[in-house]
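Peer 1: Following this message is one structure expressed as structure tokens.
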Amino acid sequence: MTGPHVLLTPNLAELVPGLVADYPHCRFTPIPDDEPVRDDWLDAEIILRSAMNEDTFEELLSKCERLRWVQITAAGFDWVGGAVWQRRLDEGLVYTRSPNSYNVPIAEYVIGAMLMHGRAFPALREAQLRHEWIRLVGKDVIGSTTLVFGTGGIGSEVAWRASALGSTVIGVNRTGSPVDGFARVVAFGDHFALLPEADAVVLAMPLTTENRYFFGAEHFAAMRADAVLVNVGRGALVVEDALVEAMHAGRIGGAVLDVFEEEPLPAEHRLWDLPNTTITPHTSFRGSGNLRRLGADFRANLDRYLSGEPLAGTHRQPDLGY
């Protein structure tokens, strides 16, 4: 029995030998970026997509009549689109994300950001550059409160790590449904009252039609003066003008930002020079174990596909965009 033909982007080619060994009846083909679409690719049923040329992807969508499933190596659904894409979705193409591949590195980034801010590493680094010996008092994580917006895979990984360091972790989700690892969880509509408690506020939620620009001036005003904001969700969760004003006014202790509405962030962008702010180039998800985790996510779904089971990582709330 011959299994499905799977196309992979070239940066995932290292997965192929293991996949061939474990799924000998399937065919796995890495697609070079610099080659035109070949006829022997057009019988593909599955595409595992990371960094694929957009024109190549659209041509495959148009010509691969047997295509049934596309899995992207991303945590969210907001970066693929177009008329051909929508037509194929309407025709029944299944679209999945890699739900577990980036949870660990993003959570480690968040903990690192909290520790970096609490131990005043940026200020100490600046003093080093000035050759100045200064004494600063670090802020303990133990006994602190961490408020995490988003209680899914990323938020849950943040929760147990922060809890292990002695922080009380409160989660925020749409309904207030309890989630393991959090001391308690509140509904999104009730989150505002918790801001004055939080030493760290972490945005780890997907961007939806409900929460775009939800975090504004009133949120910064309600936060503790020594609190840190860590955004690993999406840039558009935060009102940029409010963020800029709050940081220049010193309303909170610091911000660590890894996501932005415009990426790459232009060299002249005003966010680069915000006081008490650390900017990283959307790198929180990058970790040495990513390829292994991406392979595990794909294998789990390929097993489901081959056995006719529903796939994991589909849209949970399509009307909200995640």
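Peer 1: In this structure, does Asp241 turn out to be in a helix (DSSP H, G or I), over 24 Å from Thr175 (Cβ atoms) and out of contact with any strand residue (DSSP E or B) (no Cβ under 8 Å at 6 or more places or on another chain)?
Peer 2: yes
Peer 1: If you take the residues of the stretch 14-29 that are without any contact (Cβ under 8 Å) to a residue 24 or more places away in the chain and surrounded by fewer than 16 Cβ atoms within 10 Å (Cβ to Cβ), which of them is farthest from the chain's Cα centre (by Cα)?
Peer 2: The residue in question is Pro24.
Peer 1: Within the stretch 183-206, is there a residue that is modelled with pLDDT under 95 and among the charged types (D, E, K, R)?
Peer 2: So far as the stretch 183-206 goes, no, none of its residues is modelled with pLDDT under 95 and among the charged types (D, E, K, R).
Peer 1: Related question: Could you tell me how many of the residues in the stretch 126-142 are exposed (fewer than 11 other Cβ atoms within 10 Å of the Cβ) and either over 27 Å from the mean Cα position of the chain (by Cα) or more than 22 Å from Val230 (Cα to Cα) (or both)?
Peer 2: 7
Peer 1: Take the residues in the stretch 255-274 that are of a type in the set (A, V, I, L, M) and free of Cβ contacts under 8 Å to residues at least 40 places away in the same chain, then tell me which one is surrounded by the most Cβ atoms within 10 Å (Cβ to Cβ).
Peer 2: It comes out as Ala255.
Peer 1: Looking only at the stretch 282-300, decide whether some residue is open to solvent by less than 70 Å² (accessible area, probe 1.4 Å), touching a residue at least 12 places away in the same chain (Cβ under 8 Å), over 30 Å from Val20 (Cβ atoms) and of a type in the set (A, V, I, L, M).
Peer 2: Within the stretch 282-300, none of the residues are open to solvent by less than 70 Å² (accessible area, probe 1.4 Å), touching a residue at least 12 places away in the same chain (Cβ under 8 Å), over 30 Å from Val20 (Cβ atoms) and of a type in the set (A, V, I, L, M).
Peer 1: Also: Counting only residues that are part of a helix (DSSP H, G or I) and touching a residue at least 12 places away in the same chain (Cβ under 8 Å), which one in the stretch 244-254 is nearest to Arg119 (Cα to Cα)?
Peer 2: Going through the qualifying residues, I end up with Met247.
Peer 1: Considering each residue of the stretch 18-69, count those that are touching a Phe, Trp or Tyr at 6+ places or on another chain (Cβ under 9 Å), modelled with pLDDT of 95 or more and within 19 Å of Tyr305 (Cα to Cα), and give that number.
Peer 2: Residues that pass the stated criteria total 10.
Residues are listed down the side, and each one gets a yes or a no for (1) farther than 26 Å from Asp90 by Cβ; (2) part of a loop (DSSP other than H, G, I, E, B):
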position	(1), (2)
Asn11	yes, no
His25	yes, yes
Ala44	no, yes
Leu61	no, no
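Peer 1: Hey, Val238 hits all of (1) without any contact (Cβ under 8 Å) to a residue 40 or more places away in the chain; (2) open to solvent by 20 Å² or more (accessible area, probe 1.4 Å) but one; which does it fall short on?
Peer 2: Only one criterion in (1) without any contact (Cβ under 8 Å) to a residue 40 or more places away in the chain; (2) open to solvent by 20 Å² or more (accessible area, probe 1.4 Å) is unmet by Val238, namely (2).
Peer 1: Another one. For residues that are buried (at least 18 other Cβ atoms within 10 Å of the Cβ), at pLDDT 95 or above and either closer than 12 Å to Val228 by Cα or not aromatic (Phe, Trp, Tyr) (or both), tally how many sit in the stretch 97-115.
Peer 2: Of the residues in that region, 9 qualify.
Peer 1: Continuing with this model, one more query. All but one of (1) more than 20 Å from Ala222 (Cα to Cα); (2) touching a helix residue (DSSP H, G or I) at 6+ places or on another chain (Cβ under 8 Å) hold for Arg304, so report the exception by its number.
Peer 2: Answer for Arg304: the failing condition is (2).
Per-residue answers, yes or no, for (1) surrounded by 23 or more Cβ atoms within 10 Å (Cβ to Cβ); (2) assigned to a loop (DSSP other than H, G, I, E, B); (3) not polar (S, T, N, Q):
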position	(1), (2), (3)
Ala193	no, no, yes
Pro206	no, yes, yes
Asn211	no, yes, no
Glu218	no, no, yes
Val230	yes, no, yes
Gly233	yes, yes, yes
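The values are calculated or read from the model by the stated rules, or taken from the named source; none is laboratory data. The structure displayed is predicted, hence computed values, not measured ones. All Cβ positions, glycine included, derive from the backbone under ideal geometry; neighbour counts span all protein chains shown. Note: accessible area is taken over every heavy atom of the protein model, side chains too, but ligands, DNA and RNA are not part of it. Shrake-Rupley method; radii C 1.70, N 1.55, O 1.52, S 1.80 Å.
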